[in-house]
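J.: Submitted below is the structure of interest, expressed as structure tokens.
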Amino acid sequence: MRIAIVGGGPGGLYFAALMKQLDPSHEITVWERNAPDDTFGFGVVFSDETLGGIENADTVVHDAMENRFARWPTGSATRSPPRRGRP
């Protein structure tokens, strides 16, 4: 199967890795608009449900993530009200 992935962020790269793991014959191309050496800092928050999905898909990656995570058990997520003209 030929797969094209738009975006080389965490989701796109992880999807590419999982698809290749599922079937090494997949031909996978990741399209990214930024230069190869561009780096951006970002934070990622995973719910317990999401971590369970990662664990079901790839126990090696899940265990590596679990060993390196910072945890804030009392944290909460909030959403700002939408700006005018934007959802």
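Throughout, read-outs are computed from the coordinates displayed, never taken from laboratory work. Computed from a predicted structure; not experimentally measured. Neighbour counts run over all protein chains shown; Cβ positions are idealised from the backbone, glycine included.
J.: Out of residues 5 or more away from Gly8 or on other chains, whose amide H comes under 5 Å of its own, with H placed 1.01 Å from N in the peptide plane?
T.: Arg33
J.: Further question: Within 10 Å, count the other beta carbons around each residue, average over each peptide in 13-19, 26-32, and list them highest first.
T.: On the way: 13-19: 14.6, 26-32: 12.1.
Ranking the peptides 13-19, 26-32 by packing returns 13-19, 26-32.
J.: Can you compute the helix-only [θ] at 222 nm over the chain? Use -39500 (n - 2.57) per DSSP H run of at least 4 residues, normalise by all residues, nearest 500 deg cm²/dmol. Working shown, then result.
T.: On the way: 3 runs with 33 residues, N = 87.
Per the formula, -11500 deg cm²/dmol.
J.: Let me ask you something else. For the chain, just say rounded, prolate or oblate: build the C-alpha gyration tensor, square-root its eigenvalues into a ≥ b ≥ c, call rounded for a/c under 1.5, and beyond that prolate if a/b exceeds b/c, oblate if not. Don't jump to the answer; show the numbers that get you there.
T.: Details: a/c = 1.95, a/b = 1.22, b/c = 1.61.
Note, shape of the chain comes out oblate.
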